[in-house]
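The values are calculated or read from the model by the stated rules, or taken from the named source; none is laboratory data. All of these numbers come straight from a predicted model, not from anything done at the bench. Please note: Cβ atoms are built from the backbone with ideal geometry, for glycine as well, and neighbour counts cover all protein chains shown. Each accessible area value is taken on the protein alone, full model and side chains, heavy atoms only, with ligands, DNA and RNA left out. Shrake-Rupley method; radii C 1.70, N 1.55, O 1.52, S 1.80 Å.
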Amino acid sequence: VKVLDAREIIKRIEKRNNGRLNGVTWQGSSLITITRESVTIRAEKIQQVIDAYLADNKHRFPDIDVTFTPNSKVLPFEIQSGDLSWDIIPSSPAIIGSTRFSIILKVDDKIRKNFSVRGQTTAIAPVVITTRRLKYGDIITSEMVTLAKRDISAAKSYSRSVNDVIGSVVKRTIQHDSIIGPDSVELPAVVKRGELVKILVNHSGLKLTATGIAKSDGRADEVIKVKNTSSNKLIYCRVEAPGLVEVTL
């Protein structure tokens, strides 16, 4: 319901007609009441809309249970009746980790309200966690890790299979019952510093071999310096396998 003063309406009409209202007289009431049908949008409806959006995007994270909890309830508001539609925009394109959902409310395809709902997104998924405190340099075995459900919404990285981390070397201390991901581990070195290695030399279609000494530890596919024992020259070689490096000249 909205009440308008007739004098204000007359002023607006005069302004649009450059102050000229020839032959026009006002015979109506001094106050004009405008009414129109409306619907009340409550916090429960907003939550349903966000939940439906998460359900519609379930295919993006099929085995992760994603939920959103607002920091506070949205105050009820009135919107005109019609065909309601909603556009939902999460603060994070990945949805997981979003702290805000922007909502565009349309009535009959026309935007009528634009607002945001702040809150916390949780994402529960089975991930690899530690079963004990792991120290720098530990080589991970199956007894050190297990699969458990955890909230990954704030995790920088995580692993979904224990096979992804078993045999890896711990890069830094990881506390017991912590999520462990690729950034916490690295592949073990297959070539050790000071170790004699076989150098496979590719040159103009020919394959030659030589002997060298690794000048640093090397993991598979890493490039390290190797000293050729025959020429005493340092060359860059790619680690192929334990005791084997390769160089193309």
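Can you name every residue in the range 233-249 that is more than 14 Å from G194 (Cα to Cα) and either open to solvent by 60 Å² or more (accessible area, probe 1.4 Å) or basic (K, R) (or both)? Residues satisfying the conditions are K233, Y236, R238, E240, T248, L249. For the range 194-215, taking the residues that are open to solvent by less than 40 Å² (accessible area, probe 1.4 Å) and without any contact (Cβ under 8 Å) to a residue 40 or more places away in the chain, the one that is nearest to S168 (Cα to Cα) is identified as A214. Of the numbered criteria (1) small (G, A, S); (2) in contact with a helix residue (DSSP H, G or I) (Cβ under 9 Å, 6 or more places away or on another chain); (3) over 28 Å from F61 (Cα atoms), the one S157 fails is (3).
The lone criterion from (1) in a loop (DSSP other than H, G, I, E, B); (2) buried (at least 19 other Cβ atoms within 10 Å of the Cβ) left unmet by G167 is number (2). Contact map, the range 106-121: first residue assigned to a strand (DSSP E or B), second residue small (G, A, S), Cβ cut-off under 7 Å, separation 6 or more or different chains; pairs are K106/S85; V107/G82; S116/S102; T121/G97; T121/S98; T121/S153.
Residue-by-condition table, conditions (1) closer than 19 Å to F101 by Cα; (2) modelled with pLDDT of 75 or more; (3) not hydroxyl-bearing (S, T, Y):
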{"residue": "Q27", "(1), (2), (3)": "no, no, yes"}
{"residue": "I32", "(1), (2), (3)": "no, no, yes"}
{"residue": "T35", "(1), (2), (3)": "no, no, no"}
{"residue": "D51", "(1), (2), (3)": "yes, yes, yes"}
{"residue": "A55", "(1), (2), (3)": "yes, yes, yes"}
{"residue": "P62", "(1), (2), (3)": "no, yes, yes"}
{"residue": "E78", "(1), (2), (3)": "no, yes, yes"}
{"residue": "S81", "(1), (2), (3)": "no, yes, no"}
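Quick grid of which residues meet (1) modelled with pLDDT under 95; (2) of a type in the set (F, W, Y); (3) more than 30 Å from E78 (Cα to Cα):
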{"residue": "L105", "(1), (2), (3)": "no, no, no"}
{"residue": "I124", "(1), (2), (3)": "no, no, yes"}
{"residue": "V145", "(1), (2), (3)": "no, no, yes"}
{"residue": "Y158", "(1), (2), (3)": "yes, yes, yes"}
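In the range 148-164, the qualifying residues are those that are among the small types (G, A, S) and open to solvent by less than 60 Å² (accessible area, probe 1.4 Å), and the one that is nearest to the chain's Cα centre (by Cα) is S153.
Do you know which of the residues in the range 170-180 that are assigned to a loop (DSSP other than H, G, I, E, B) and either touching a helix residue (DSSP H, G or I) at 6+ places or on another chain (Cβ under 9 Å) or β-branched (V, I, T) (or both) is farthest from D138 (Cα to Cα)? Show your work before the answer.
From the range 170-180, those assigned to a loop (DSSP other than H, G, I, E, B) are 171-173, 175-178, 180; that's our starting set.
Still in the running and either touching a helix residue (DSSP H, G or I) at 6+ places or on another chain (Cβ under 9 Å) or β-branched (V, I, T) (or both): 171-173, 178, 180.
Working: K171: 8, R172: 9, T173: 9, S178: 15, I180: 13 Å.
The selected residue is S178.
Scanning the range 216-232 for residues that are surrounded by fewer than 16 Cβ atoms within 10 Å (Cβ to Cβ), touching a strand residue (DSSP E or B) at 6+ places or on another chain (Cβ under 7 Å) and in a loop (DSSP other than H, G, I, E, B) yields a total of 6. Collect the residues in the range 107-136 that are open to solvent by 50 Å² or more (accessible area, probe 1.4 Å) and more than 26 Å from I64 (Cα to Cα), keeping them in residue-number order. Once the filter is applied, which keeps residues that are open to solvent by 50 Å² or more (accessible area, probe 1.4 Å) and more than 26 Å from I64 (Cα to Cα), the range 107-136 yields D108, D109, K110, I111, R112, K113, N114, R133, K135, Y136. Tell me, yes or no, whether the range 180-190 has at least one residue that is open to solvent by 70 Å² or more (accessible area, probe 1.4 Å) and either among the hydroxyl-bearing types (S, T, Y) or within 29 Å of A241 (Cα to Cα) (or both). For the range 180-190, residues open to solvent by 70 Å² or more (accessible area, probe 1.4 Å) and either among the hydroxyl-bearing types (S, T, Y) or within 29 Å of A241 (Cα to Cα) (or both): present. When restricted to residues that are within 18 Å of R112 (Cα to Cα), free of Cβ contacts under 8 Å to residues at least 60 places away in the same chain and open to solvent by less than 50 Å² (accessible area, probe 1.4 Å), the range 40-55 contains 2.
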